[in-house]
Amino acid sequence: MATVPNIRSADFDLAELRRLVAEMGGLAEAAIDDAVAALTHRDTESAAAIVKADQRIDALEAEVERRVVRLIGLRADQPDELREILAALKIAGVVERMGDYAKNIAKRVPLLVEARGIEPLAILPAMARATSEIVHAALDTFAARDAEAAVRVAQSDARVDDFYNSLFRALLTYMMENPHNITASAHLLFIAKNLERIGDHATNVAEMVYFAATGEQMGERTRGIDTLTDGN
Amino acid sequence: MAHAGKIVTVEEDMPALLDAFDMPLLLIDGFTVERANAAARRLLGTYVEGEDLRLAIRHPDATGLLSGSGEGSAQLGGLGDPERRWEMEVRPLGQSRRLVRLIDHSQAAAAERMRTDFVANASHELRTPLATLMGFIETLEEANGTNDAAIRMRFLGIMGGEARRMQRLIDDLMSLSRIEADRYVRPRESIDLASTVRVACAEIEAGGIAGGRLRLTLPDSPLLARADSSQISQLIHNIVGNALKYGREGGEVKVTLQADDGSALLLVEDEGEGISRDHLPRLTERFYRVDAGRSRAVGGTGLGLAIVKHIVERHRGRLDIASTPGIGTRVSVVLPRDAEIL
């Protein structure tokens, strides 16, 4: 860093803060992809590794909080930077939740080892891909500080919601057809719900990026039709 | 050195130099992106210049590689299109600067997938007749005496048929690999296409499946082309064979050869149900079948058009398949004539 001239220590701290949030994001993205891969391959070893790796995301979040407290003290007179610092804090919290959902998916893998031939299981990888795409896109808007792209990301969450709604119906039918399927189907439903929540959180990241860049809250986002009539 | 007045430092030329590569390249100092070439800006976004690279490439392995010893490589997915596979390579350049290369391995990954698909398909195709053979052999072992002579003959007939199907499949696989092996070698001998078509069609008639349905239209004078006569003969057998097998029963199959500018045009037209539009682009894939049951019933191996495609490619020709459902299919092969190859 010595070659970059005139760098103030607070600038450096903000960059470092953003870097930590991006690292958390990278870990969460990998956890989501790996958890779904572990599920489709019934790989209990890799699932256990994902559960363990979540500690790193938690540790990074604690580090982000520590730095934010220090930065707020230093930059109290800079509203633009404060906004970015707060957004980083909130995004870190959201990404930590994403990591938890991925961990939860991984934890269910050993319980599903025996569940072969459940058709809705084939839809989950497609839903997971749609979810990872939106998480990746949301973290890209954070890296690029791109408010316009953030609006597009927030709107694209409807795709994940649509997947969830169709899986919800498919799994219900499956449970009704054969009571033996209920345990596995219930786990799969939770997994689908976890992915759906990850998608929602990706939207939250995009909203935070928008707030940090513009100073305004993003308007009501367009949603897919909700399974629950009163929303979540 | 003669143009001492125009010394341009490498430093000034760097952006243009980096842009000239179509592989994403990033020059980083510490972790900050000093320069990203056009390909890298397209992949990661224009914001990366001046930013910490770990913001854009967040894969844990990449972060580990960048933060660690300073050089090495890592396999990454999910940059840009989630289906693409990248290798990130980091090399030191001087004290704190490093060059990051992103190498696209998506095609290799796709080729690997196709190869495993092919092995799986070929094994499946070979196992099916084998299972039939073994089933009948077991039944025959249990059969006894002269009373079962009629059944025995029928079973032996089926077994013979299945064994021949396996033989055809293995022959086709072998000729496919031979044609692929000489893919880059242009045929040397000069042959008369008119007589090759005439001989091949006579062989097909003699084989008994044509039943007088072939209608040949050949030019009066020889039509010379640099071609491999056995491969061209195989091409005619495969295309005309398909037309006879899938055309309407009793319907004519027209085989026309004509000179067309600098090339020779071979047309094979049948009257039949035709092929629906969705299947056309995939017809030359190995083991692709429009109607799997029917193809096996008429003794197809699933490799005929794949072989045709490879033969046409080796001869630097062009293969077109046009079809109207309910009317028929028309296969045209354009081969360059002798003069043009010279």
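Go through A:R70, A:R56 for me and flag whichever is open to solvent by 40 Å² or more (accessible area, probe 1.4 Å), within 12 Å of chain B (Cβ to nearest Cβ) and basic (K, R).
Selected residue: A:R56, the only one of A:R70, A:R56 that is open to solvent by 40 Å² or more (accessible area, probe 1.4 Å), within 12 Å of chain B (Cβ to nearest Cβ) and basic (K, R).
Would you point out which residue out of B:E205, B:E189 is at pLDDT below 90, acidic (D, E) and surrounded by 13 or more Cβ atoms within 10 Å (Cβ to Cβ)?
From the options B:E205, B:E189, the qualifying one is B:E205.
Within the set of pairs 6+ apart or on separate chains, which have a first residue in region A:29-52 that is farther than 21 Å from B:P82 by Cα, a second that is not in a helix (DSSP H, G or I), and C-beta atoms under 7 Å apart?
If the second residue must be not in a helix (DSSP H, G or I), the pairs left are A:R42/A:V113; A:T44/A:V113.
When both residues are 6+ apart or on different chains and their Cβ atoms are under 7 Å apart, which pairs have a first residue that lies in region B:23-49 and is at the interface with chain A (Cβ under 8 Å from one of its Cβ atoms) and free of Cβ contacts under 8 Å to residues at least 40 places away in the same chain, and a second that is open to solvent by 40 Å² or more (accessible area, probe 1.4 Å) and hydrophobic (A, V, I, L, M, F, W, C)?
Close Cβ pairs satisfying both conditions: B:T32/A:V4.
So, of the residues in region B:77-101 that are under 24 Å from A:A15 (Cα atoms), hydrophobic (A, V, I, L, M, F, W, C) and open to solvent by less than 60 Å² (accessible area, probe 1.4 Å), which turns out to be nearest to the other protein chains (Cβ to nearest Cβ)?
B:L79
Just for region B:303-342: of the residues that are open to solvent by less than 20 Å² (accessible area, probe 1.4 Å) and part of a loop (DSSP other than H, G, I, E, B), which one is nearest to B:E273 (Cα to Cα)?
B:L303
Is it the case that some residue within region A:166-176 is farther than 20 Å from A:R197 by Cα and open to solvent by less than 10 Å² (accessible area, probe 1.4 Å)?
no
State yes or no: is B:V290 within 27 Å of B:N121 (Cβ to Cβ) and in a helix (DSSP H, G or I)?
Considered against the rule, which asks whether it is within 27 Å of B:N121 (Cβ to Cβ) and in a helix (DSSP H, G or I), B:V290 comes out as no.
Within region B:44-60, can one find any residue that is of a type outside the set (S, T, Y), touching a strand residue (DSSP E or B) at 6+ places or on another chain (Cβ under 9 Å) and open to solvent by 60 Å² or more (accessible area, probe 1.4 Å)?
Within region B:44-60, one or more residues are of a type outside the set (S, T, Y), touching a strand residue (DSSP E or B) at 6+ places or on another chain (Cβ under 9 Å) and open to solvent by 60 Å² or more (accessible area, probe 1.4 Å).
Among all residue pairs at least 6 apart or on different chains, which show Cβ distances below 7 Å where the first residue, located in region B:290-301, is open to solvent by 70 Å² or more (accessible area, probe 1.4 Å) and the second is not in a helix (DSSP H, G or I)?
Sorted first by the residue in region B:290-301, then by its partner, the pairs are B:V290/B:I275.
Within region B:92-127, can you find the residues that are in contact (Cβ under 8 Å) with a residue 60 or more places away in the chain and of a type outside the set (K, R)?
Matches in region B:92-127: B:L93, B:S96, B:L99, B:V100, B:L102, B:I103, B:D104, B:F118, B:N121, B:A122, B:E125.
Does A:T183 count as β-branched (V, I, T) and over 23 Å from B:G77 (Cα atoms)?
It is true that A:T183 is β-branched (V, I, T) and over 23 Å from B:G77 (Cα atoms).
Against the condition without any contact (Cβ under 8 Å) to a residue 40 or more places away in the chain, of a type in the set (A, V, I, L, M) and open to solvent by 30 Å² or more (accessible area, probe 1.4 Å), how does A:A62 come out, does it pass?
In short, yes.
Return a yes/no flag: does region B:64-75 have any residue that is among the acidic types (D, E) and buried (at least 21 other Cβ atoms within 10 Å of the Cβ).
The answer is no, given that none of the residues of region B:64-75 is among the acidic types (D, E) and buried (at least 21 other Cβ atoms within 10 Å of the Cβ).
Which members of region B:280-326 meet the condition of being over 22 Å from B:S175 (Cβ atoms) and modelled with pLDDT of 85 or more?
Listed by number, the residues that qualify are B:L280, B:D320, B:A322, B:S323, B:T324, B:P325, B:G326.
Quick one: in region A:1-40, of everything that is more than 9 Å from every other protein chain (Cβ to nearest Cβ) and either part of a loop (DSSP other than H, G, I, E, B) or at pLDDT below 80 (or both), which residue is surrounded by the most Cβ atoms within 10 Å (Cβ to Cβ)?
Applying the filter and picking the extreme gives A:A10.
Scan region A:109-125 and tell me whether some residue there is within 13 Å of chain B (Cβ to nearest Cβ) and modelled with pLDDT under 90.
Yes, region A:109-125 contains at least one residue that is within 13 Å of chain B (Cβ to nearest Cβ) and modelled with pLDDT under 90.
Is region A:125-132 home to any residue that is part of a helix (DSSP H, G or I), in contact with a Ser or Thr (Cβ under 8 Å, 6 or more places away or on another chain) and surrounded by 20 or more Cβ atoms within 10 Å (Cβ to Cβ)?
no
If we keep just the residues of region B:237-278 that are in a strand (DSSP E or B) and open to solvent by 30 Å² or more (accessible area, probe 1.4 Å), which is modelled with the lowest pLDDT?
The residue in question is B:D260.
Hey, any hits in region A:129-146 for a residue that's away from chain B (no Cβ under 14 Å) and of a type outside the set (S, T, Y)?
No, region A:129-146 contains no residue that is away from chain B (no Cβ under 14 Å) and of a type outside the set (S, T, Y).
Restrict the check to region A:84-104 and report whether at least one residue is within 14 Å of another protein chain (Cβ to nearest Cβ), open to solvent by 10 Å² or more (accessible area, probe 1.4 Å) and either touching a residue at least 12 places away in the same chain (Cβ under 8 Å) or not in a helix (DSSP H, G or I) (or both).
Yes.
Pairs under 7 Å by beta carbon, first residue more than 8 Å from chain A (Cβ to nearest Cβ) and farther than 20 Å from A:V209 by Cβ in region B:52-68, partner part of a helix (DSSP H, G or I) and aliphatic (A, V, I, L, M), six or more apart or different chains?
Close Cβ pairs satisfying both conditions: B:L66/B:L53.
The values are calculated or read from the model by the stated rules, or taken from the named source; none is laboratory data. These numbers come from a predicted model, not from an experiment. Reconstructed Cβ throughout: ideal geometry from the backbone, glycine too, with neighbour counts over all protein chains shown. Surface accessibility is based on the protein's heavy atoms, side chains included, excluding ligands, DNA and RNA. Shrake-Rupley method; radii C 1.70, N 1.55, O 1.52, S 1.80 Å.
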